[in-house]
Amino acid sequence: MFNLSTSPAKKISGFSLIEMLIGVTIGLLGIVVIFQVLSVWDTRKRTTASGSDAQIAGTIATFGLERELKAAGYGFGRVTPTELNCNVVALNAAGVSTDFPLMPVIINQGAASAPDSIEVLFGNSSYMTGTMSFTGSTAGSKRTKYRTGFFKGDLVIVTDAPTVPGTRNCALVEVTNDGAADPRLFEHLNVSYEKFGVVPAVMVPARFNPTAGTGAVFSSGNLYNLGPAPRRSLWQIRPGNVLTVNDRLGTTGVVDIAEGIVDMQAQYGSLDPVPSNPIIWSDTLPVALSSLQSVRVAILSRSQQFEKDAVTTVAPSYFEGAFQFQMNNVFGVDASDVVGSPTNWRHYRYRVYEKVVPLRNMLWGLTQP
């Protein structure tokens, strides 16, 4: 007979409650460590990315401004010192009166160390027309020695020959006819005309000439051809820390150049009368305008990342450490001493870009009085 008795039951093993709790604790600790690593990695990634953005913005801003400053004065580089800074009576592209000084660069100093703005004037004529004098003039025409280099659509600055020193007048006119019967005459009337170089030919209205009979009449003086599309650019920082440029002679309006630009400072560089002395840097134009040599610019760009800790403890300096940026301009209110404030400038990273730009068109062409 078979033995039907059952064999002893085998012992069944498994995790105890304590072991499960220990495993869960270890897992939670691992998750905490992983999230901490991810948090540090994400913070560093944001810092690196925002720092890169600040670097790119500062580089683009500096490059664009430097390029225009190098062109400053093109078209009127042969201007005499007595003609510099004369008031140019002009209309803009919309036909609105907007006078401006005949200077390659004008630095508008910001109030209370606020960001400066910079105006740059230069032409784009392809024919390298030098200074041209004229001896006959009406409200709508100028008679020159020869008309070479002046074409329909060119903008020309007209300066008079004053009888009293320091009273020189200037005006901006638009050439509307370069084919008059007199080979030394060109017209600048408030009419429509066929602009030179436009294919197919179309009639375009003169935008920069006053109505008939209201323009200035100079008996004699000089002409400076700025070409068909000169620029009178205004570089400034708009609300939102955006560097913009506005061509006041063109129709493009305000164009954004770079974001994250929080300050811009500039100075004129003039030649010291003593040859052994270095260039004199000043916020204002030199008394002797012919001594103007260069412009230096400092641009401060800021990262977009707000850091948990104060990463910038001292306001950035510029012009070889001679000045410090006024950080209250960054946010409009100086909250530098308010720890943890979202407007605390110390919790952002900055890049400073400096450039000295020689005014080469003035250096090459400026004539003595």
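The values are calculated or read from the model by the stated rules, or taken from the named source; none is laboratory data. In this text the structure is predicted, and so the values were computed from the model without any measurement. With ideal geometry, Cβ positions are generated from the backbone for all residues, glycine too; neighbour counts draw on all protein chains shown. Side chains included, ligands, DNA and RNA excluded: accessible areas come from the protein's heavy atoms. Shrake-Rupley method; radii C 1.70, N 1.55, O 1.52, S 1.80 Å.
Annotations
- Every pair of residues 6+ apart whose Cβ atoms lie under 8 Å, when the first sits in the stretch 53-69 and is closer than 9 Å to Gly260 by Cβ and without any contact (Cβ under 8 Å) to a residue 24 or more places away in the chain while the second is open to solvent by less than 30 Å² (accessible area, probe 1.4 Å) and basic (Lys, Arg): none
- Qualifying position, being modelled with pLDDT under 90, under 33 Å from the mean Cα position of the chain (by Cα), of a type in the set (Lys, Arg) and surrounded by 15 or more Cβ atoms within 10 Å (Cβ to Cβ), among Arg147, Arg143, Arg168, Arg231: Arg168
- Here the stretch 300-319 is the region considered, the condition is being out of contact with any Lys or Arg (no Cβ under 8 Å at 6 or more places or on another chain) and touching a residue at least 12 places away in the same chain (Cβ under 8 Å), and the residue that is surrounded by the fewest Cβ atoms within 10 Å (Cβ to Cβ) is Asp309.
- Qualifying residue in the stretch 45-60 (condition: surrounded by fewer than 16 Cβ atoms within 10 Å (Cβ to Cβ), of a type outside the set (Ser, Thr, Tyr), over 30 Å from Val245 (Cβ atoms) and at pLDDT below 80): yes
- Restricting attention to the stretch 172-211, the residues that are open to solvent by 20 Å² or more (accessible area, probe 1.4 Å), within 22 Å of Met132 (Cα to Cα) and in a strand (DSSP E or B) add up to 3.
- Some residue of the stretch 94-108 being modelled with pLDDT of 85 or more, hydroxyl-bearing (Ser, Thr, Tyr) and touching an Asp or Glu at 6+ places or on another chain (Cβ under 8 Å): no
- Subset tally (residues that are exposed (fewer than 10 other Cβ atoms within 10 Å of the Cβ) and either among the small types (Gly, Ala, Ser) or at pLDDT below 65 (or both)) for the stretch 1-44: 15
- The set of residues in the stretch 239-253 being over 14 Å from Ala94 (Cβ atoms), surrounded by 11 or more Cβ atoms within 10 Å (Cβ to Cβ) and free of Cβ contacts under 8 Å to residues at least 24 places away in the same chain consists of Val242, Thr244.
- For Ala112, the conditions (1) in a helix (DSSP H, G or I); (2) under 21 Å from Pro210 (Cβ atoms) all hold with the exception of (2).
- Residue that is surrounded by the most Cβ atoms within 10 Å (Cβ to Cβ) [pool: residues in the stretch 110-140 that are small (Gly, Ala, Ser), at pLDDT below 85 and under 35 Å from the mean Cα position of the chain (by Cα)]: Ser113
- Yes/no for Tyr74 being touching a helix residue (DSSP H, G or I) at 6+ places or on another chain (Cβ under 7 Å), open to solvent by 30 Å² or more (accessible area, probe 1.4 Å), in a loop (DSSP other than H, G, I, E, B) and of a type outside the set (A, V, I, L, M): yes
- Where strands (runs of 3 or more DSSP E) fall wholly inside the stretch 115-163, the ranges with 2 or more residues that are touching a helix residue (DSSP H, G or I) at 6+ places or on another chain (Cβ under 9 Å) are 117-122.
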